[in-house]
Structures are given as structure tokens and as C-alpha cells.
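Here is the structure we will look at, set down as C-alpha cells.
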Amino acid sequence: MVASSRGTDPLTREVVELIGAVVARYHEEYEQAAGRHALTGAQARVLGLLALEPVPMRKLALALRCEPSNVTGIVDRLEARGLVERRPDPADRRVKLAAATPEGRQTAERLRDALGFAREPLGQLTTAERTVLRDLLQQMLGAETREGTTEGG
């Protein structure tokens, strides 16, 4: 049975409250981890994105849902600390990419490793349970299930 679109049944309310608690706890721990590296939460998020791949500034602004001028300031501060660099896009030399430096990638990895509250409980779930949880979260977000994203036990 599918819950009503208004989400007023008790189970839906409980799930929404639990998701809210997880999000709040994640943000709290993320802010604390960022602070231990003398970063703001926004700086840590940008660094985390750039550690995955170099990104044009406009795409960063879209990912963060903020104005490009805000991203410019964040990247300026990360660049001043040697965590990020700007480089020309090989596909379009007019476009500047922001990219994590080796030190920036190491810092982003330490930030990810510091987020233990979710990792430890998730580690107690079986691979099958984590897969179901991942698929349900992707479904909630409207994301298509991607092949090859299941991690081992």
C-alpha cells in the first residue's frame, strides 16, 4: 500500500522525522569535522566535490544551489590555503576549472573518514540491507539506480 501524497499517516511522519534526525546529525558532525580542519561547512563541501574531479565554477554553484559569486569566494579561500587550484578546462580554454590539490584531496579524505556516525551503524547492516537502503534513498531522490555502486560487506 502506498502512503497518501500528503504524508499524514503515522508511519510516513515517523520516517520523515527519522530522515530529519539523520540529516541533522550528519550536518552537525560534518561541521565539527570541517572545523577541526579550520574549514567552514561550505568550504568542506566544495573541497569534497573537487576531490572527486575538477569542476567548472558555474557547475559548482549549481551543485551547491548558490550564486556563482559565493562559490568564487569559497574557492578563493581554499586556493589561498593551497587546497584548491584554478586551471583552464582542456575542452574550452575560456572556462576555468576548480580542482583539489594533492593536499586538498588528502584533507577531503580525512573529512570523509571523520564522519563515523553513519559509517559505523551502516557497517552493521548486511550488504543486501545497505543496497536496499541505497536504492530506496535513490528512489526518494528520483535518481536512477546506477550499476556498479554496491560496495562490499
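The values are calculated or read from the model by the stated rules, or taken from the named source; none is laboratory data. Note that the coordinates shown come from a computational prediction; the quantities given were computed from them, not determined experimentally. Neighbour counts run over all protein chains shown; Cβ positions are idealised from the backbone, glycine included. Quick note on the areas: whole protein, heavy atoms, side chains included, nothing else; ligands and nucleic acids left out. Shrake-Rupley method; radii C 1.70, N 1.55, O 1.52, S 1.80 Å.
According to the Cα gyration tensor, what semi-axes, each the square root of 5 times an eigenvalue, does the equivalent ellipsoid of the stretch 9-73 have, listed from largest to smallest in whole Å? Mind dumping the intermediate values first?
Details: eigenvalues 159, 52, 19 Å².
In descending order the semi-axes read 28, 16, 10 Å.
Pairs of Cα atoms in the chain fall into 5 Å distance bins, from 0 up to the last occupied one, in shares of 1, 8, 13, 16, 17, 15, 13, 8, 4, 2, 0 percent. Helix 102-114 and the longest principal axis of the C-alpha atoms of the chain enclose an angle of approximately 20°. Computing FRET efficiency as 1/(1 + (r/R0)^6) for Gln139 and Glu29, where r is the C-beta to C-beta distance and R0 is 25 Å, gives about 0.50. For the stretch 36-79, no residue has its backbone nitrogen under 14 Å from a point 7 Å from the Cα of Arg94, taken along Cα to Cβ.
Magnitude of the charge dipole for the stretch 48-120, about its Cα centre and with charges confined to Cβ atoms of Lys, Arg (+1) and Asp, Glu (-1), is about 200 debye.
Other residues lying with their Cβ under 12 Å from the Cβ of Pro54 contribute a combined charge of +2, Lys and Arg counting +1, Asp and Glu -1.
For Glu14 and Leu64, the FRET efficiency from 1/(1 + (r/R0)^6), where r spans their Cβ atoms and R0 equals 22 Å, is about 0.15.
Here the accessible area is traced with a 1.4 Å probe on the protein chains. For the chain, carbon and sulfur cover 56 percent of it. Accessible surface calculations at 1.4 Å, restricted to protein heavy atoms, place the chain at 70 Å² per residue. Could you calculate the FRET efficiency of Glu79 with Gln106 from 1/(1 + (r/R0)^6), where r is the beta carbon distance between them and R0 is 22 Å, rounded to 0.05? Step by step, r from the Cβ atoms, then E = 0.85.
Evaluated at 37 °C with a viscosity of 0.692 mPa s, what Stokes-Einstein diffusion coefficient in µm²/s does the stretch 42-108 have when Rh comes from the Kirkwood expression over alpha-carbon pairs? Can you show the working numbers first?
Working: Rh = 11.5 Å.
In µm²/s, the coefficient is 286.
Each Lys and Arg Cβ is given +1 and each Asp and Glu Cβ -1; about its Cα centre, the stretch 79-128 then shows a dipole of about 220 debye. Relative to the Cα centre, the charge distribution of the chain, modelled as +1 at Lys and Arg Cβ and -1 at Asp and Glu Cβ, gives a dipole magnitude of about 580 debye.
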